[in-house]
Amino acid sequence: MRGAKSAKWVTGAIIVALAATACGGGKSDGGSDAKGAVDPNGIFSIELGEPEKPLLTGDTMESNGSAVMAGLFSTLVDYKADGSLEMINAESVTTTDSKTWTVKLKPGWTFHDGTPVTSKSYVDAWNWNASLKNAQGLASWFADIKGFDKVHPDAEGAKQTADKLEGLKVVDENTFTIELSKAVPYFGHKLAYIVFAPLPESFYKLSPAQRGAAPVGNGPYKFKSWDHKKKIEITRYDGYKGPNKAKNGGVVFKNYTTLEAAYEDLKSGNVDVLRQLAPKDLPVYRQDLGDRAVDQPYSAIQTIAVAFYADQWKKPKQVDPRVIQGLSMAIDRATITKTVLNGTREPATGWVAKGVLGFQEDGGNGVTKYDPAKAKELIKAGGGVPGNKISIQYNADGGHKEWVEAVCNSIQQATSVQCVGDGKPDFQADLTARKTKQVKSLYRSGWVLDYPVNANFISDLFRTGAGGNQGDFSNKELDAKIAKADSATTLDESVKAYQAIEKDLKNYMPSIPLWYYKVNAGFSEKVSGVAYGQDGDPILTGVEVKK
Amino acid sequence: MGRYVARRLLQMIPVFLGTTLLIFLMVHSLPGDPVLAMFGDKGADPATLAAKRHELGLDRSLPVQYVTYMRDMILHLDFGTQIRNGLPVTDVLGGAFPITLQLAALAFAIELVFGIGLGIIGGLRAGRLADNLILIFTLLIISIPVFVLGYIIKMVFAFNLGWIAPNVSTEPVLSEMIAPAIVLGGLSLAYVARLTRTSMAENLRADYMRTAVAKGLPRRRVIGVHLMRNSMIPVVTFLGTDIGALMGGAVVTEAIFNIHGVGGVIADSISRREGATLVGLVTILVIVYLVTSLLIDLLYAVLDPRIRYA
């Protein structure tokens, strides 16, 4: 009895963790077979886990909450599949020096409560989201804007000395300007993110508990109900003025305890769109669903990061990048993605994920090619792996064990460097070890795009002190190059500069790129036009429901 | 009798305090920081983390946190709020318990009726064909892991025969709960059947049985009153502890059949280090265990007149 019970716990924990950590994505050309007329008021359902946090524009960062928020709010701009910008709530976003940006809004937009969307709705919302006292998880997105350090100092225990970002100025009802503390050529692309959405006046009058419970937005859908852990309903907002008006009557987000259960319900017609599949169903879903099966890459990458603060890489001297190059070339990505990962990933050729502005084939400059002989040579030339032993830390509840072991085997066979997986029991334990800098050698890491520009995959990960730079990688030469790319006057030049940096990253090896993520999902016969965005979530407005 | 009950009720207080304290400490000693994890892989700056900790009261010392938590719980029935989404724990539990209670009640009824029924048949025909079939059947159930049984039932009845929907829907109806209740109650059903069978087969040979038969009592009375009453003691003991297990331990069954009940809340709260939710849940489960075990002990006296409580 006792044994059986603890087994139940373990399996349960694994199931929950799998559901919690897996994410789906990509874009599909959509099954547009025109059987059955389209019902413009038809409502469809999507599998979605319970959003982890209240639905706040400044605090929704995991995929469950983001999917709902994407329907409720529209931002100034959005990006198309090729990475270029499309104006949504903005009439225009212009700059001459990449430092001062002028935003003109399309007039006549209203929030779901009927109040108008003005430049003040934006400026107030941004100030609120950036403010330290509101402790919003996405506050750092405003760091480019002048005066952020006063509104949100980031040292522990610091107090904010201002309530408003100095760089934001309302010009008139439909115009405002953004002054950045330094030039950021790709700032316009950042504006597509949910944290830059506007908020209605009524938001500030609500109690903290009410704010994220029933959001009032300016998006194509309005909030209807949220039955916690069961379902969330949103319906089409008929007063919506944007170009992406909903082609359906509304969406029901259904919560499933497991991905297996959701897939069974898809087959029996109880849910219309899935975002991801359980490993158990991956081998069969193409057969089951035919042309309703989705298999597309999206803009995310998995890497093995190096804990540069660990004694192994630091003492007696900084590790030679050639050693890490060697480790990278000792990994047989093609075989591992095909076998262990069931074709759900695609071997990476560089550090920047697909679908991002500035993505280039072979951005890694050959460093991701499997070549055991060269790998051995490089490691030897670089002075060998200290201790001739490495470990890769991962969380055992996220389905990572299999590929970590496969990577280790590949390295061990190719180079005779001892490699072991260092499994932490769950994501929390793994995360704490990483944040408190306790990782001993290497660790599992990854990155989903924040904005579709290659800078996001380089500057935000490898710059000294960058938010995503958890391995304490630091190189003055690289920092200087990044600063130069950031100070380019046009977006184009900046992207090109970052492309050159990516080709050159091989000589620094801040991490080892492994593979790009793909969305493996499907939809029912009741819907068509199902497409997935670059963040891997289905695009709600385009879905058409058959009568 | 009254004094005995009063004493037992008083004994619950230290057990209650002890278990809540233990769970509270255990959650806090797990590696991982719930506030850090709120912000996921990409993280947040130290100032935001500190502000969040302060907002949630997690910057206070452990004993202070425990004392305030217990005070709110006992005086105001306030179980606190969840760290991750700020929902009141009472709402979370209130959402999860009804469906779990339904499931547990159904499973309990199934194991009671079929378990004891099969046990009686086996016990009265010990060593014969029916008995052997029951032994093989229960052995089979005991040896199959819960999730395998769950998937087999789904495969056969939902996909091959199409009799039931594979999952419990978002608005659950009772008929959908039968399949998960069978899976959940299956293991205990087998235990109940075996306990009943063995205990009856043994008591059949007892002296008082021979006396009852010799007195010329009708067979129905001999079996129904004399044999059953005495044979039920181990079965009742098992059933009592099983109520708590059915309510708290249905993590796997609930997950397989898409039931958003207590099992899922427990698993979620552990992986997210939601101390308040876990302690609240465990408190309720502990009370269930304590009350049922008291009821069981009182039932002993009813079943066996030789047992007396002063």
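Descriptive notes on the structure:
- Looking only at the stretch A:470-489, and only at residues there that are open to solvent by less than 40 Å² (accessible area, probe 1.4 Å) and in contact (Cβ under 8 Å) with a residue 40 or more places away in the chain, the one that is nearest to the other protein chains (Cβ to nearest Cβ): A:Q470
- Residues located in the stretch B:67-88, provided they are surrounded by 18 or more Cβ atoms within 10 Å (Cβ to Cβ) and away from chain A (no Cβ under 12 Å): B:Y69, B:M73, B:F79, B:G80
- Residue list for the stretch B:177-225, filter: open to solvent by 50 Å² or more (accessible area, probe 1.4 Å) and within 14 Å of chain A (Cβ to nearest Cβ): B:Y191, B:R194, B:L195
- Those residues of the stretch A:277-298 which are touching a strand residue (DSSP E or B) at 6+ places or on another chain (Cβ under 7 Å) and not charged (D, E, K, R), in sequence order: A:L277, A:L282, A:Y285, A:L289, A:A293, A:V294, A:Q296, A:P297, A:Y298
- Any hit, the stretch A:13-28, residues being within 14 Å of chain B (Cβ to nearest Cβ), at pLDDT 90 or above, in contact with a helix residue (DSSP H, G or I) (Cβ under 7 Å, 6 or more places away or on another chain) and part of a loop (DSSP other than H, G, I, E, B): no
- Test for B:G115: is it away from every other protein chain (no Cβ under 14 Å), crowded, with 18+ Cβ neighbours inside 10 Å and in contact with a Gly (Cβ under 9 Å, 6 or more places away or on another chain): yes
- Test: residue in the stretch A:432-440 that is part of a helix (DSSP H, G or I), among the β-branched types (V, I, T), open to solvent by 20 Å² or more (accessible area, probe 1.4 Å) and within 14 Å of another protein chain (Cβ to nearest Cβ): yes
- Residue that is farthest from A:L449 (Cα to Cα), among those in the stretch A:330-348 that are open to solvent by less than 40 Å² (accessible area, probe 1.4 Å) and in a loop (DSSP other than H, G, I, E, B): A:A330
- Looking across the stretch A:60-69 at every residue that is touching a strand residue (DSSP E or B) at 6+ places or on another chain (Cβ under 9 Å) and of a type in the set (G, A, S), the one that is nearest to the other protein chains (Cβ to nearest Cβ) is identified as A:S63.
- Top-ranked residue in the stretch A:199-239 [being within 14 Å of chain B (Cβ to nearest Cβ) and of a type in the set (S, T, Y); ranked as nearest to B:P172 (Cα to Cα)]: A:S225
- Residues within the stretch B:150-163 that are open to solvent by 60 Å² or more (accessible area, probe 1.4 Å) and within 27 Å of the chain's Cα centre (by Cα), tallied: 4
- Residue within the stretch A:508-523 that is out of contact with any strand residue (DSSP E or B) (no Cβ under 9 Å at 6 or more places or on another chain) and either open to solvent by less than 40 Å² (accessible area, probe 1.4 Å) or among the acidic types (D, E) (or both) present: yes
- Unmet criterion (only one of (1) within 23 Å of A:A183 (Cα to Cα); (2) more than 19 Å from the chain's Cα centre (by Cα); (3) open to solvent by 10 Å² or more (accessible area, probe 1.4 Å)) for A:S494: (3)
- Annotation: B:S143 fulfils all but one of (1) away from chain A (no Cβ under 14 Å); (2) among the polar types (S, T, N, Q); (3) open to solvent by 40 Å² or more (accessible area, probe 1.4 Å); the unmet one is (1).
- From the options B:I121, B:I110, B:I99, B:I134, residue that is over 18 Å from the mean Cα position of the chain (by Cα) and either open to solvent by less than 60 Å² (accessible area, probe 1.4 Å) or under 30 Å from B:F39 (Cα atoms) (or both): B:I134
Condition check ((1) aromatic (F, W, Y); (2) at the interface with chain B (Cβ under 9 Å from one of its Cβ atoms); (3) in contact (Cβ under 8 Å) with a residue 60 or more places away in the chain; (4) buried (at least 22 other Cβ atoms within 10 Å of the Cβ)) across all residues:
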{"residue": "A:S119", "(1), (2), (3), (4)": "no, no, no, no"}
{"residue": "A:W126", "(1), (2), (3), (4)": "yes, no, yes, yes"}
{"residue": "A:G137", "(1), (2), (3), (4)": "no, yes, yes, yes"}
{"residue": "A:Q160", "(1), (2), (3), (4)": "no, yes, no, no"}
{"residue": "A:V170", "(1), (2), (3), (4)": "no, no, no, no"}
{"residue": "A:T175", "(1), (2), (3), (4)": "no, no, yes, no"}
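- The residues in the stretch A:276-299 that are in contact with a Leu (Cβ under 7 Å, 6 or more places away or on another chain) and open to solvent by less than 10 Å² (accessible area, probe 1.4 Å) can be counted, and the count is 3.
- Hits in the stretch A:75-121 - residues which are within 18 Å of A:T175 (Cβ to Cβ), in a loop (DSSP other than H, G, I, E, B) and under 26 Å from the mean Cα position of the chain (by Cα): A:T75, A:L76, A:I88, A:N89, A:K99
- For beta carbons closer than 6 Å, sequence separation of 6+ or different chains, a first residue in the stretch A:413-431 that is within 14 Å of another protein chain (Cβ to nearest Cβ) and a second that is of a type in the set (F, W, Y) and open to solvent by 40 Å² or more (accessible area, probe 1.4 Å), there are no qualifying pairs.
- Members of the stretch B:30-66 found to be at the interface with chain A (Cβ under 7 Å from one of its Cβ atoms) and among the basic types (K, R), listed by number: B:K42, B:K52
- All of A:K150, A:K146 fail the test of being more than 26 Å from the chain's Cα centre (by Cα) and open to solvent by 10 Å² or more (accessible area, probe 1.4 Å), apart from A:K150.
- The stretch B:253-279, subset within 23 Å of A:K424 (Cα to Cα) and assigned to a loop (DSSP other than H, G, I, E, B), residue nearest to the other protein chains (Cβ to nearest Cβ): B:R273
- Test: residue in the stretch A:410-423 that is in a strand (DSSP E or B) and open to solvent by 50 Å² or more (accessible area, probe 1.4 Å): yes
Let's see how each residue does on (1) in contact (Cβ under 8 Å) with a residue 60 or more places away in the chain; (2) of a type in the set (A, V, I, L, M); (3) farther than 19 Å from A:K280 by Cβ:
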site: B:L174; (1), (2), (3): yes, yes, yes
site: B:V183; (1), (2), (3): yes, yes, no
site: B:A190; (1), (2), (3): yes, yes, yes
site: B:S199; (1), (2), (3): yes, no, yes
site: B:L204; (1), (2), (3): yes, yes, yes
site: B:T211; (1), (2), (3): no, no, yes
site: B:R219; (1), (2), (3): no, no, yes
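- Any hit, the stretch A:191-198, residues being out of contact with any Ser or Thr (no Cβ under 9 Å at 6 or more places or on another chain) and either away from chain B (no Cβ under 14 Å) or hydrophobic (A, V, I, L, M, F, W, C) (or both): no
- Residues located in the stretch A:86-109, provided they are under 19 Å from A:A488 (Cα atoms) and either surrounded by 20 or more Cβ atoms within 10 Å (Cβ to Cβ) or in contact with a Cys (Cβ under 9 Å, 6 or more places away or on another chain) (or both): A:T95, A:S98, A:K99, A:W101
The values are calculated or read from the model by the stated rules, or taken from the named source; none is laboratory data. All values derive from a computational prediction rather than experimental measurement. Note: ideal-geometry Cβ built from the backbone for every residue, glycine included; neighbour counts use all protein chains shown. Areas reflect the complete protein model, heavy atoms only, side chains present, ligands, DNA and RNA absent. Shrake-Rupley method; radii C 1.70, N 1.55, O 1.52, S 1.80 Å.
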